[in-house]
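Notes follow the structure.
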Amino acid sequence: MPQFAATIKHIQEGVKGFTVSAAVKNIEGWETTLEKMDTPGTKGILRDLGALKKQLQAEPIDGEAVQKLVGKLGKETVTLAGKADSKNADKVKTLGEALQGMTAERSPEA
C-alpha cells in the first residue's frame, strides 16, 4: 500500500517538490491499491486519478485542470474515508484534507 505519510509530505511541500515522474509513480501506486478495494466511490477516484495522470504527462500541463482534479480527488477521498471500514480510514481522511488544502491555498478566492 502506498505510504500515506510520504504522499501527504509531497502534497504539503507543493508541486515544486514533486516531479512529474514521482507524481505518476505515486498515482500508479494508489491505482493499484484502489483496484483491490470494494468500497463505494473507488471507481470515481480511479477514473480521476487516471485523468490526473494524463494531465500531468501532457505538454504543456494545464495547471487549472490539474487543480480542479486535485480538489475533486480531495473531496472524493474524504468521502471514501467516511465509508472505509479499516484502520487506515483516518489516514485516508487526512490525505483527502491535504489534497483539498492544496487547492484551497492556490485558489484566488482563498
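Read the figures in this text as sums done on the coordinates, not as results from a lab. If you're wondering where the values come from, they're calculated on a predicted model, not measured in any experiment. So basically every Cβ, Gly included, is an ideal-geometry build from the backbone, and we count neighbours across all protein chains shown.
Extent of the chain along its three principal axes (Cα atoms, max minus min coordinate, largest first): 38, 28, 22 Å. Estimated from the Cβ-Cβ distance and a Förster radius of 35 angstrom, the FRET efficiency linking LYS54 and ASP90 is about 0.70. Straight-line reach from LYS43: taking Cα to Cα under 13 Å and skipping same-chain neighbours fewer than 8 places apart, the aspartates and glutamates in range are GLU31, GLU35, GLU76.
For the listed residue pairs LYS53/LYS83; LYS9/LYS91; LYS54/LYS87; LYS25/LYS87, the alpha carbons are over 22 angstrom apart in LYS53/LYS83; LYS54/LYS87; LYS25/LYS87.
If you build the convex hull over the alpha carbons only and average its shadow over all orientations, what do you get for the range 46-110? Give it in nm² to one decimal. Present the calculation step by step, with values, prior to reporting the outcome.
Values: hull surface 18.7 nm².
The orientation-averaged projected area of the Cα hull of the range 46-110 comes to 4.7 nm².
Taking K and R as +1 and D and E as -1, what net charge do the other residues with C-beta under 11 Å from the C-beta of GLU76 add up to? Counting the neighbours of GLU76, the net charge comes to +4.
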